[in-house]
């Protein structure tokens, strides 16, 4: 069953997010099981929502790709993460461009 991942990362900025894009490369080398990703920012930090095939897929991505790059770039904070089984998924013709 797919899962919804909700990440709130206090103090994590848009600039830090952009700095992670190249080394983690989730867009060019899509992680196994990632189906949807959206990121937003406000004065508190980052708010990220993903849909993954399984929680294990997400956890593997975090352990082997995301957090090693976070540490390598010297970011000190870590996100708060919630994972929930999905009840319904609806993304009709989403195309932001």
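Rule-based calculations on the coordinates, nothing more; no lab input. Just so we're clear, the structure is a prediction, and the values are computed from it rather than from any experiment. Positions of Cβ are backbone-derived with ideal geometry, glycine not excepted, and every protein chain shown enters the neighbour counts.
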Given the conditions (1) more than 25 Å from residue 1 (Cα to Cα); (2) buried (at least 17 other Cβ atoms within 10 Å of the Cβ), every one holds for residue 68 apart from (2)
Can residue 36 be described as in contact with a helix residue (DSSP H, G or I) (Cβ under 9 Å, 6 or more places away or on another chain), part of a strand (DSSP E or B), surrounded by 12 or more Cβ atoms within 10 Å (Cβ to Cβ) and in contact (Cβ under 8 Å) with a residue 12 or more places away in the chain? no
